[in-house]
Amino acid sequence: MKFPAFEMERMQSVWEHKVKYDLSESGVEPLTLEEAARDVKELLKTKLGYAEGVGLESTRTFVSEFHWKSTAENVVITTGTSEANFLTLLALVNAGDEVVVVMPNYMQVHGVAQGLGARVREVWLREERGWTIDLEALTAAVNAKTKVVCVCTPNNPTGQVLSSREVDEICRVATRHGAWILADEVYRGAEREGSESASFAGRGERIVVTGGLSKAYGLPGLRVGWVVAPVETAQAVLKLKDYSTIAPSSVSEVLADIALARRPKLLERTRFLVNERWPALEDWASGRSRELHWTPPVAGAICFFSYRYPIDSMPLVDRLIRDYSTMIVPGVHFKAERHLRIGFGGPSHILHAGLAALDRLLATIGD
Ligand SMILES: Cc1ncc(COP(=O)(O)O)c(C=O)c1O
């Protein structure tokens with residue numbers, strides 16, 4: 001097994017606690033422990049033994065409630081959505097399989113599929129059509145060798161969502177060839193307006209939905225995620241988890257249960273934050289509409305810009321980090337050169353100062 005470097009996470013891991021202005025984050029300002037716990041005194045009574053590997057029955061029931069046709073039996077609690085994606089691919093993919101990745105995407109699935117010896121075929125969302133799915137290209141890419149189709153909706157890095165009809169179409173294409181779908185829905189619930197975006201849950205026999213508390217709930221530090229899968233697949237994931245993290249953190253599982261019990265409140269908080277902060281980024285970008293192009297995000301606290309400055313994205317971000325103590329994500333980390341992902345969910349003063357730093361850098365580059 002040879003895993004390619006996960007470039008974005010590597011960069012964030014090195015710099016996120018060192019730079020002054022981190023606009024590389026894709027979530028919203030996190031809750032404090034006090035806000036998450038409701039009753040901190042009660043939390044202090046938590047026994048720090050091993051939690052049950054699969055997760056609390058009550059937490060799994062909460063998760064099943066917002067995944068159509070699922071019960072607690074279909075849910076395994078994991079250490080973040082990362083572990084959920086990792087174990088799902090480990091359970092489904094063998095060397096020599098083909099894995100279709102709808103791009104751009106969180107590159108974990110791309111790298112893990114490669115690491116497991118699969119051939120990755122990319123199907124790109126169409127930027128010129130507002131980053132929508134190209135169903136013809138998908139149909140052409142999926143075949144009898146395809147083991148899994150990986151989709152991320154709401155999408156990282158574009159913030160766009162698949163419609164219910166598109167979700168059905170993707171299911172139809174995969175089903176025709178007996179392929180699985182791995183739908184990473186970690187941003188679901190972070191829509192700026194309207195109801196929650198369409199989920200893949202319950203739309204077929206071979207569907208695994210992953211998600212977690214890191215983005216729409218503002219609780220990345222808990223490291224809580226989930227796999228929602230057919231019972232046999234959930235069991236296969238659980239058996240692999242015995243080799244990875246064994247069980248959820250016992251403190252996190254208590255906090256996760258509290259969070260999911262007040263899901264509507266936390267999602268409302270996230271919606272408030274993305275709506276409060278998006279205008280600042282949009283205003284900034286509007287002042288540069290000759291050099292930047294973007295489709296406003298439907299969900300999540302990220303926007304994916306293409307740009308016309310005569311510099312590649314990695315050297316641009318390198319300079320931004322080193323000379324201006326500010327981090328955004330270079331498009332090359334999504335295999336989309338001359339693009340930038342900017343996160344706007346953090347504290348407003350960080351967003352403003354980070355954008356001012358980016359302005360100063362761009363002034364030295366010209367167009
Ligand atoms: C689409 C997607 N999936 C998974 C993750 C990792 O999430 P977690 O913190 O829950 O492991 C991220 C983090 O940025 C993401 O964007």
Query - GNM flexibility winner over the chain from His333, His67, His349 (Cα, springs under 10 Å) - result: His349
Requested in this report: Quick one: among Ala174, Ala190, Ala140, which has the greatest mean-square fluctuation in a GNM of the chain with alpha-carbon springs under 10 angstrom?
Outcome: Ala140
Query raised in the report: Cβ under 14 Å from Thr175's Cβ, Thr175 left aside: what net charge do those residues give with Lys, Arg +1 and Asp, Glu -1?
Result: +2
Query raised in the report: What list of ³J(HN,Hα) values in whole Hz, one per residue of the stretch 240-245 in order, does the Karplus curve 6.51 cos²θ - 1.76 cosθ + 1.60 (θ = phi - 60°) give from phi, with Gly and Pro shown as x?
Result: 6, 5, 4, 8, 9, 10
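Counting DSSP beta bridges with both partners in the chain, what percentage is antiparallel, nearest 5?
On the way: 20 of 41 bridges.
Counting only bridges with both partners in the chain, antiparallel ones make up about 50 percent.
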Requested in this report: Normalising by the residue count of the stretch 45-261, find the relative contact order in percent from Cα pairs under 8 Å and 6+ residues apart.
Outcome: 30
Query raised in the report: Around Glu122, which amide H atoms from residues at least 5 apart in sequence, or from another chain, sit under 5 Å from its own amide H, with H modelled in the peptide plane?
Result: Val101
Query raised in the report: Which far-off residues, 5 or more places away or on another chain, put their amide H under 5 Å from the one on Trp180, with H placed in the peptide plane?
Result: Val148, Val149
Requested in this report: Name the residues whose placed amide hydrogens come within less than 5 Å of the amide hydrogen of Asp97, ignoring near sequence neighbours (fewer than 5 apart) on the same chain.
Outcome: Arg119
Query raised in the report: Among Arg288, Arg271, Arg341, whose mean-square fluctuation peaks in a Gaussian network model of the chain (Cα, cutoff 10 Å)?
Result: Arg288
Query raised in the report: Counting DSSP beta bridges with both partners in the stretch 45-261, what percentage is antiparallel, nearest 5?
Result: 30
Report task. Can you check what the net charge comes to around Arg263, using other residues whose Cβ is under 13 Å from the Cβ of Arg263 (Lys, Arg +1; Asp, Glu -1)? Result -> +1
Query raised in the report: Shape of the chain from its Cα gyration tensor (a ≥ b ≥ c, root eigenvalues): rounded if a/c is under 1.5, otherwise prolate when a/b > b/c, or oblate?
Result: oblate
Requested in this report: Work out from phi, with θ = phi - 60° and the Karplus expression 6.51 cos²θ - 1.76 cosθ + 1.60, the ³J(HN,Hα) of each residue of the stretch 143-159, listed in order in whole Hz, and give x for Gly and Pro.
Outcome: 8, 4, 8, 6, 8, 9, 10, 9, 10, 10, 9, x, 8, 9, x, 8, x
Query raised in the report: When the Karplus curve 6.51 cos²θ - 1.76 cosθ + 1.60 is applied with θ = phi - 60°, which whole-Hz ³J(HN,Hα) does each residue of the stretch 274-281 get, with x for Gly and Pro?
Result: 5, 6, 5, 9, 4, x, 5, 6
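Every read-out reported here was derived from the displayed coordinates using simple, explicitly stated rules and does not represent laboratory data. Since the structure is predicted, the reported quantities are computational estimates derived from the model, not experimental observations. Please note: Cβ atoms are built from the backbone with ideal geometry, for glycine as well, and neighbour counts cover all protein chains shown.
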